[in-house]
Amino acid sequence: MLIYNTYSRQKEEFVPLDPPNVTMYMCGPTVYDYFHIGNGRSFIMADIIRRYLSYKGYNVKFVMNLTDIDDKIIKKSIEENKDFNLVSNFYISAFFDDLKKLKVSEASFYPKATEHITEMIDLILTLESKDIAYQIDGNVYYDVKKFSDYGKLSGKNLEELESGSRVEINEQKRNPLDFVLWKKAKEGEPSWDSPWGKGRPGWHIECSAMSCKHLGQSIDIHAGGNDLIFPHHENEIAQSEAVSHNKFVKYWIHFGFLNIQNEKMSKSLGNFFTTREILKKFSAESIRLFFLQTYYRGPLNFSEELLQSAQKGFEKIENLAQRIINAYSEEGNEVNYPENFNISGYYFDFEKAMEDDFNTSQAVAVIFDFIRDVNKILSLEGKKNRAFLDDVKSFLTKTAQEVFGIIHFDQLDEKEKDSNLEDDLIKLLITLRENYKKEKNYAASDHIRNELLNLGIILQDAKTGTTYQRK
């Protein structure tokens, strides 16, 4: 399996630190608002990668943090005149609700920043003891010049960064690029006790502390959006490796931007749609398929037309799954297993695509080729071979359902049961209506007809009896 590593800027063979165990960390949301669909792309693609690793037999420990203390959260709490905890807890609940609707699998753990203040303080103290961090008037900063490899993830040169720095001037800092580890408390803002006085942690130290706490000093995969490469992930490396002297992350995976008219979707630009807004118009499966059809590292333009196209693609997959369910109950003589149908070939092509840096667009193409070929076989006369139906259902279950999350056989089975129950109830009402007609109770008979019509059921009377169809 090859993974493009942002650190080395090339594809590398995936060899976990402790096979078959895999540790994976994903930068989660800052919980001050509903997350937008651009964030949703990163969450979904991380979910796909994690699912595929599980498909390959790895035991994945997946951690996604929750930044529940931040300038933006404090600003929101002031605007709404609420305690910051009320703001963060509200949007944490909304975050989980939206993730569930997107069919994103639960992480192994969701650590909150506010529950790891002790670990953050310990990290900062260690950096201070190594003369890598310095404290001025209750603020603690990281001295980037003390970390010789600073810039190795982003490829940025420290001297060039200094000369082109647009960082807000802070006379306390030794260098404009030095970043804050601990912020001195401001009046009215949430704070915690520390060796430097009351204050709160900087954003970057949060992820280093939580990742180390739950996954260890060295991890296999760290994922996040492209916008986090610098400075956030660069600073995570500087903090973590200065303390442990071990390589912090083996494989860095970054997701491309979701754009609106070729401009990055972001809350700061105001050109965004929340995930829950999009979910009102499109199914989670369509949204997932929309993201899957493009390389995860590249940019993707958002449009409703492309989502509608993805919706049609999802319907093709769902239609085949429904045909398979229906085919199990068909009557007639069973035909032989189809000649020249090589199920292992589809698995091979699917895995070949996914193991080339998670090439989901090619893997999706394999699934649609599979759908086309199976539909041709299902169109032939005769009851289908049970082993063939099992193979088709198993392939769709393992790929489209368990890896991509774009089909759910259990839901289709429930839908089929609901449909059968609905048919039985309609037939019962038709029988009642016929009895009323025999009793010349035409008012009751017409009432049943009209109420069914309001529900979209059209009754058709004939000499041979009454039939029905849905609008």
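Summing Lys, Arg as +1 and Asp, Glu as -1, what charge do residues with Cβ under 14 Å from the Cβ of V63 carry, V63 excluded?
Neighbour charge sum, excluding V63 itself: -3.
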Amide H neighbours of F179 under 5 Å, counting only residues 5+ apart in sequence or on other chains, H built in-plane at 1.01 Å?
Y142, V144
Order of exposure, largest accessible area first, which applies to L66, L432 with probe 1.4 Å:
L432, L66
Between the DSSP loop rule and a limit of at most 16 other Cβ atoms within 10 Å, which GluC sites (Glu not before Pro) in the stretch 104-152 are left?
E106
What's the whole-number percent of alpha carbon pairs in the chain lying beyond 38 angstrom?
39
Sorted by average packing, counted as other Cβ atoms within 10 angstrom per residue and highest first, what order do 330-336, 87-93 take?
87-93, 330-336
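Where Rh is the Kirkwood radius over the Cα pairs of the stretch 182-221, the temperature 10 °C and the viscosity 1.306 mPa s, what D in µm²/s does Stokes-Einstein return? Don't jump to the answer; show the numbers that get you there.
Numbers: Rh = 11.6 Å.
This corresponds to a translational diffusion coefficient of 137 µm²/s.
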Angle between the Cα long axis of helix 386-396 and the longest principal axis of the chain, 0 to 90 degrees, nearest 10?
30
Provide, as a two-decimal number, the C-alpha radius of gyration of the stretch 309-447 over 2.2 N^0.38 Å, N being how many residues it has.
1.44
In whole Hz, with x marking every Gly and Pro, tabulate ³J(HN,Hα) for the stretch 288-302 from phi via Karplus 6.51 cos²θ - 1.76 cosθ + 1.60, θ = phi - 60°.
4, 5, 4, 6, 5, 7, 10, 4, 5, 7, x, x, 9, 7, 8
Between 0 and 90°, nearest 10: helix 117-129 axis offset from the chain longest Cα axis
30
Would you mind computing Rg(Cα) / (2.2 N^0.38 Å) for the stretch 260-338, counting N as its residues?
1.60
For the chain, the per residue accessible area (1.4 Å probe, Å²) is 49
For the stretch 204-258, just say rounded, prolate or oblate: build the C-alpha gyration tensor, square-root its eigenvalues into a ≥ b ≥ c, call rounded for a/c under 1.5, and beyond that prolate if a/b exceeds b/c, oblate if not.
prolate
Over the stretch 276-388: Kirkwood hydrodynamic radius from C-alpha pairwise inverse distances, Å
16.0
Calculated from DSSP helices alone, with each H run of at least 4 adding -39500 (n - 2.57) and the total divided by the residues of the chain, [θ]222 nm to the nearest 500 comes to -14500 deg cm²/dmol
Give me the accessible area of R9, 1.4 Å probe, in Å² rounded to the nearest 10.
110
Give me the percent of the accessible area of the chain that comes from carbon and sulfur atoms, probe 1.4 Å, all protein chains in place.
47
Which order do the peptides 191-203, 338-350, 24-36 take when ranked by the mean count of other beta-carbon atoms within 10 Å per residue, highest first?
24-36, 191-203, 338-350
Return one number: the angle in degrees, 0 to 90 and rounded to the nearest 10, between the long axis of the Cα atoms of helix 360-378 and the longest principal axis of the Cα atoms of the chain.
10
Determine ³J(HN,Hα), in whole Hz, for all residues of the stretch 23-29 in sequence, where each value follows from phi through the Karplus function 6.51 cos²θ - 1.76 cosθ + 1.60 and θ = phi - 60°; x replaces Gly and Pro.
9, 9, 10, 10, 5, x, x
Residue-count net charge about G345 - beta-carbon cut-off 13 Å; Lys, Arg +1, Asp, Glu -1:
-4
Ordering T6, T118 by how much accessible area each has at a 1.4 Å probe, largest first, what is the list?
T118, T6
Most to least accessible of Y4, Y142 (protein chains only, probe 1.4 Å)
Y4, Y142
Using only alpha carbons, build the gyration tensor for the stretch 116-223 and give me the equivalent ellipsoid semi-axes, biggest first, whole Å.
22, 20, 12
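The values are calculated or read from the model by the stated rules, or taken from the named source; none is laboratory data. Treat the numbers as computed from the prediction; the structure is a model and nothing was measured. For neighbour counting, all protein chains shown are included, and Cβ atoms are generated from backbone atoms with ideal geometry for every residue, glycine included. Each accessible area value is taken on the protein alone, full model and side chains, heavy atoms only, with ligands, DNA and RNA left out. Shrake-Rupley method; radii C 1.70, N 1.55, O 1.52, S 1.80 Å.
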